Amino acid sequence: GQQVQQSPASLVLQEGENAELQCNFSTSLNSMQWFYQRPGGSLVSLFYNPSGTKHSGRLTSTTVIKERRSSLHISSSQTTDSGTYLCALEHTNAYKVIFGKGTHLHVLP
Amino acid sequence: DAGVTQTPRHEVAEKGQTIILKCEPVSGHNDLFWYRQTKIQGLELLSYFRSKSLMEDGGAFKDRFKAEMLNSSFSTLKIQPTEPKDSAVYLCASSSTGGAREQYFGPGTRLTVL
């Protein structure tokens, strides 16, 4: 089965609402990285988070290894947050990086 | 510092052609990754280099895909011969070897095979 699962697959919000994106994994991990991608764009790194909680502006990433999950919280969403959010697991065998399928976020004005 | 650069940004090829995509990693990064991205499969790892040595060759992609890293600041991905199913965005990323191995991505090459 899939080693990295993201949920939800898609999400529609009204501007100002908060969002919680999840990434669950079934294999051992060195670290988790979260990316943002606009349609047709490349991947922009949001967080590199091996464990614990990190903050950047309206974004918060939390990785809990024992529970095999990582989350990305977006507060007070804006229309410019629309796009795809991807998590990528760096395996303990550091040769392997496994991406989730992404969460497609659409924020309405 | 310049980020990861990729050329060309767009490529159109006829079935059976050979195409070469280029990537320059972030200066000082020793790890370099090639990925393919499609809507159906998402991101798939094609190749992984550490200090110019090929560590992962992407398994299923071996037969027509060949990545090379001739020096620490330049890598190529050759697809030979191309097939329509190779149409995708090809992304290059680099990271440092030790400590926080955060990956930085280039803008990608959009390949269309007719």
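Readers should treat all values here as calculations from the given coordinates under stated rules, not as data from a laboratory. This one's a predicted model, so the numbers in the text were calculated from it and none came from an experiment. Because the Cβ atoms are built from the backbone with ideal geometry, glycine has one as well, and the counts that use them run over all protein chains shown.
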(message) Being without any contact (Cβ under 8 Å) to a residue 24 or more places away in the chain and within 14 Å of chain B (Cβ to nearest Cβ) is the requirement here; does A:Val64 meet it?
(response) no
(request) Kindly indicate which of B:Lys85, B:Lys78, B:Lys62, B:Lys66 is more than 15 Å from B:Lys22 (Cα to Cα), within 15 Å of the chain's Cα centre (by Cα) and away from chain A (no Cβ under 14 Å). (result) B:Lys62
(request) Identify, by number, the condition in (1) facing chain B (nearest Cβ under 10 Å); (2) closer than 18 Å to A:Lys96 by Cα; (3) outside any strand (DSSP E or B) that A:Gln33 doesn't meet. (result) (3)
(request) Mind telling me which of the residues A:Glu17, A:Glu90 ends up being among the acidic types (Asp, Glu) and surrounded by fewer than 20 Cβ atoms within 10 Å (Cβ to Cβ)? (result) A:Glu17
(request) Looking for whichever is surrounded by fewer than 13 Cβ atoms within 10 Å (Cβ to Cβ), touching a residue at least 24 places away in the same chain (Cβ under 8 Å), out of contact with any strand residue (DSSP E or B) (no Cβ under 6 Å at 6 or more places or on another chain) and of a type outside the set (D, E, K, R) here; the options are B:Ser72, B:Ser96, B:Ser51. Which one fits? (result) B:Ser51
(message) Which of the strands (runs of 3 or more DSSP E) found entirely inside the stretch A:67-109 contain at least 1 residues meeting this: within 23 Å of A:Asn18 (Cβ to Cβ) and within 11 Å of chain B (Cβ to nearest Cβ)?
(response) A:83-91, A:103-108
(message) Can you say whether B:Phe33 is surrounded by 18 or more Cβ atoms within 10 Å (Cβ to Cβ), closer than 15 Å to B:Val4 by Cα, hydrophobic (A, V, I, L, M, F, W, C) and under 11 Å from the mean Cα position of the chain (by Cα), as far as the supplied structure shows?
(response) yes
(request) Restricting attention to the stretch B:51-92, report how many residues are in a strand (DSSP E or B), out of contact with any Phe, Trp or Tyr (no Cβ under 8 Å at 6 or more places or on another chain) and not aromatic (Phe, Trp, Tyr). (result) 8
(request) Evaluate the stretch A:41-51: report whether one residue or more is over 30 Å from B:Leu54 (Cβ atoms), free of Cβ contacts under 8 Å to residues at least 40 places away in the same chain and either part of a strand (DSSP E or B) or touching a Phe, Trp or Tyr at 6+ places or on another chain (Cβ under 7 Å) (or both). (result) no
(request) Kindly list, by first and then second residue, each pair from a residue in the stretch B:22-48 that is within 10 Å of another protein chain (Cβ to nearest Cβ) and closer than 21 Å to A:Lys101 by Cβ to a residue that is part of a loop (DSSP other than H, G, I, E, B) and basic (Lys, Arg), limited to pairs with Cβ atoms under 8 Å and residues at least 6 apart or on different chains. (result) B:Gly42/A:Lys101; B:Leu45/A:Lys96
(request) Could you tell me whether the stretch A:6-21 includes any residue that is within 11 Å of chain B (Cβ to nearest Cβ), closer than 25 Å to B:Phe49 by Cβ and either assigned to a strand (DSSP E or B) or in contact (Cβ under 8 Å) with a residue 24 or more places away in the chain (or both)? (result) no
